[in-house]
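These notes are about the structure you will find just below.
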């Protein structure tokens, strides 16, 4: 048993600023069901277990970051309580994120516990790949089904410039280790940046094809103070797709990995090419996910600032999950109909860093 528990002083719900909802809207949430006010069924959570990372990617973090004190971060036991409560309410997919989740001490213990939750169908993880060469077999044994690896370039000098401190060779070794460990799917996540890696899209797809893995291209999002002025580096999915079609035959696919990516198949290969397009093809109408940050804030929408603080409830009620369940149901009621990142390109309304929100 992994024990990181803190011993906080008792806190009342009133002091937490949260009153469990008693409106009729609460009654429409049957047990094991989370439905927002627009009828969208939430079955997928992205759980950040740390805001720390061993990279400093320039679209994700400031060069000099101030990280949360340990007492303000969910303990592993609290992460498990959050995951268990969501799964009890009908969530079937949990993605563990960061920061970089593999820098969190005893992360494998947490993954083992989440993987064993009754009702969970899929446990997946997003990583920068820096620790995969030593963790891949343990992750597979723990019950992780799929791995997403962030990789924006295949050029070592560019990789160092984008990550500020990263070593491309370590990530490539990690990818090899993940493939050797036998995961159902390994996927690359590439943030598209004009003037930075837009000339490598074909090379990245060929890299994925050669290794029988998937790749998703992500439109850059204006989050945090570093989000200002993103208009100059923004590259849209349609332009990227047109560029790739000059080299590859890409056939639209109805496949889904449970997230926002739209996929294309390359005939004769095992590779799926996905696009995640929060700007050009807003996917809010089918959104099935919410995010929990490392400090326990439930964000029903990535592109909005409304959140429900779960950490105070976890610590005020260490043996009673009823207030936590009520807060989660309340969070469905404040889930926005949608986001509009196009209006935020030069003046972001969401000022938290991506590393704070969870990938």
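When restricted to residues that are surrounded by 11 or more Cβ atoms within 10 Å (Cβ to Cβ) and touching a residue at least 60 places away in the same chain (Cβ under 8 Å), the range 60-70 contains 5.
Determine if the range 172-184 includes at least one residue that is within 20 Å of the chain's Cα centre (by Cα), farther than 26 Å from residue 198 by Cβ and either at pLDDT 95 or above or assigned to a helix (DSSP H, G or I) (or both). The answer is yes; a qualifying residue exists.
Looking at the range 118-132, which of its residues are surrounded by fewer than 18 Cβ atoms within 10 Å (Cβ to Cβ) and in contact with a helix residue (DSSP H, G or I) (Cβ under 6 Å, 6 or more places away or on another chain)? 119, the sole residue that qualifies. Consider residue 59 carefully, then state whether it is modelled with pLDDT under 95, closer than 15 Å to residue 289 by Cα, under 23 Å from the mean Cα position of the chain (by Cα) and not in a helix (DSSP H, G or I). Spelling it out, it is not the case that residue 59 is modelled with pLDDT under 95, closer than 15 Å to residue 289 by Cα, under 23 Å from the mean Cα position of the chain (by Cα) and not in a helix (DSSP H, G or I). Considering the range 31-56, and only residues there that are closer than 29 Å to residue 194 by Cα and surrounded by 19 or more Cβ atoms within 10 Å (Cβ to Cβ), the residue that is modelled with the lowest pLDDT turns out to be 55.
Note on the range 139-157: among residues that are touching a helix residue (DSSP H, G or I) at 6+ places or on another chain (Cβ under 8 Å) and over 30 Å from residue 113 (Cα atoms), the one that is surrounded by the most Cβ atoms within 10 Å (Cβ to Cβ) is 152. Is it the case that the range 260-273 has a residue that's part of a helix (DSSP H, G or I) and out of contact with any strand residue (DSSP E or B) (no Cβ under 6 Å at 6 or more places or on another chain)? Scanning the range 260-273, I find no residue that is part of a helix (DSSP H, G or I) and out of contact with any strand residue (DSSP E or B) (no Cβ under 6 Å at 6 or more places or on another chain), so the answer is no. Whether a residue is modelled with pLDDT under 95 and not in a loop (DSSP other than H, G, I, E, B) was assessed, and residue 226 passes this test. Is there a residue in the range 68-81 that is modelled with pLDDT of 95 or more, assigned to a helix (DSSP H, G or I), within 17 Å of the chain's Cα centre (by Cα) and under 30 Å from residue 323 (Cα atoms)? The answer is yes; a qualifying residue exists. Looking at (1) farther than 16 Å from residue 290 by Cα; (2) buried (at least 20 other Cβ atoms within 10 Å of the Cβ), which is the only condition residue 86 fails? Residue 86 satisfies every listed condition except (1). Just wondering, is there one or more residues in the range 311-325 that are under 18 Å from the mean Cα position of the chain (by Cα) and part of a loop (DSSP other than H, G, I, E, B)? For the range 311-325, residues under 18 Å from the mean Cα position of the chain (by Cα) and part of a loop (DSSP other than H, G, I, E, B): absent. Of the residues making up the range 121-132, not a single one is in contact with a strand residue (DSSP E or B) (Cβ under 7 Å, 6 or more places away or on another chain) and modelled with pLDDT under 95. Only one entry of 111, 123 meets the criterion of being more than 15 Å from residue 292 (Cα to Cα) and assigned to a strand (DSSP E or B), and that entry is 123.
Residue 162 passes every criterion in (1) over 19 Å from residue 135 (Cα atoms); (2) part of a loop (DSSP other than H, G, I, E, B); (3) at pLDDT below 95 apart from (2).
The values are calculated or read from the model by the stated rules, or taken from the named source; none is laboratory data. Everything numeric in this text was worked out from a predicted model, so none of it was measured. All Cβ positions, glycine included, derive from the backbone under ideal geometry; neighbour counts span all protein chains shown.
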